[in-house]
């Protein structure tokens, strides 16, 4: 299995060769040369598997340069029940991503039982163990530069803290995460963790990460690695729970399901796209956005128009406050028939703050064939959805999951199971839950007092050279 860049001007590489780097040298994103495919017999064999066996089966089709016995050890180490201790019960923890039935053909796919209470843990815990394995094998170290709008940062830091040969430099928008998210990250005192609060929005943080990654000399000299969802391993890990969710709510492979996915950077729903391309019987992939509705606009009109940091709204579902979806390039790569010249042409506009229209050459007409539809939500919608879900089902959901459920309810089809991807536990967004329900969400006992812990972070301007200088000073 080789991986190629969406922009077509970098050599094909193995999984381990692309693991640490994130962006390809030509600025593109890595994708498999061809998708492996699971046929009906494969799906039947996978149907009864537990999460670890399912993950190994899927990952081994996409990772062939790590010996099977070593990959098996990494998977088993990652997906242990004790790592997902915030599940409702012991069986849910063992399931890793249990389903919660709300009513007939409507489910939550619970993804937030890991150490930081967010779906990012499922991929990031695997990434941490893969990094440690590859670095030890090659006698190397890496300096991870990442950007977060709330959940990626804490998941990465908890996965990488104490890992030998790894330092983490995490950029976040200053005072634009929830209090809980901020405390989770900034309270970490590990010597290999560096938190940098940027005066700006998430897109400013993400732009800095991309600019540093595109400085190939600095990237090589400073051994810069990536954990954001531009890293293909993140997407690969998330593919697994689409299969797990599908098998949980179906009895035969003749059935189709739909997934509603709260979306900002397009990484989570991109994993659903990959699962569908690998043969999972997915009928619809619903892209659910908040007020930052760039993706919803594209799937309605065919026009991709990033807003820029000045026009990115700060909302009550802050992890989706993104107007430039990094992983969207991966889907467009498939949509335009893997025409790398076309991808370069389109992103030459995006990279200078422009937009593109895929109606012009008929590409937008092909979107429906990939199962994508979309919808958006706003603050009033998510508050009402949280209240309705609590009143009707006795279940408290966070604000991002509420966006996903709101859009799911608008697009349900008779006799087609709908799974809404739960992206975080409500404890991460206490202020919004209090507004919606008039009461605090339940917080795990081990996390009481988190907000009062000492915090360690630096506030910096959105300046690429300053960030480079900071990294250089702290890796000497």
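Where a number appears in this text, it was derived from the coordinates with a stated rule and is not lab data. Keep in mind that this is a model prediction, so the values were computed, not measured. Cβ: placed from backbone, ideal geometry, glycine included. Neighbour counts: every protein chain shown.
Here are a few things to note about the model shown:
- The alpha carbon centroids of the range 36-76 and the range 245-317 are separated by 24 Å.
- Value of Rg/Rh across the range 115-271 [Cα atoms, Kirkwood radius]: 1.00
- Applying 0.36 nm per residue to the separation of residue 17 and residue 357 and subtracting their alpha-carbon distance, the gain on full extension is 119.0 nm.
- FRET efficiency, residue 415 to residue 40 (Cβ-Cβ, R0 35 Å, nearest 0.05): 0.95
- Highest mean packing first, where packing is the average number of other Cβ atoms within 10 Å per residue, the peptides 270-277, 307-314 line up as 270-277, 307-314.
- Scaled against 2.2 N^0.38 Å for its residue count N, the alpha carbon radius of gyration of the chain is 0.90.
- Estimated from the Cβ-Cβ distance and a Förster radius of 30 angstrom, the FRET efficiency linking residue 69 and residue 250 is about 0.40.
- Distance from the range 109-126 to the range 448-464 (C-alpha centre basis), Å: 22 Å
- The simple spin-label model puts a point 7 Å past each Cα toward its Cβ; for residue 218 and residue 391 those points are separated by 5.2 nm.
- For the pair residue 60 and residue 475 in one chain, pulling the backbone fully straight at 0.36 nm per residue adds 146.0 nm over the alpha carbon distance.
- Ellipticity at 222 nm from helices only: DSSP H runs of n ≥ 4 in the chain, each -39500 (n - 2.57), divided by the residue count, give -12500 deg cm²/dmol.
- Euclidean distance between Cα centres, the range 204-221 to the range 1-24, Å: 16 Å
- Fewest-first ranking of 124, 177, 278, using other Cβ atoms within 10 Å as the exposure measure: 278, 177, 124
- Relative packing of peptides 225-233, 135-143, 439-447, 238-246 - highest average C-beta neighbours within 10 Å first: 225-233, 238-246, 135-143, 439-447
- Share antiparallel - DSSP beta bridges, the chain, percent rounded to 5: 25 percent
- When the convex hull of its Cα atoms is viewed from all sides, the range 324-382 shows a mean projected area of 5.2 nm².
- The Rg/Rh ratio for the range 1-80, using Cα coordinates for both the radius of gyration and the Kirkwood hydrodynamic radius, is 1.04.
- Prolate/oblate/rounded label for the range 325-476 (Cα gyration tensor, a/c 1.5): oblate
- Whole-number percent relative contact order across the chain, with pairs defined as alpha carbons under 8 Å at least 6 apart: 19 percent
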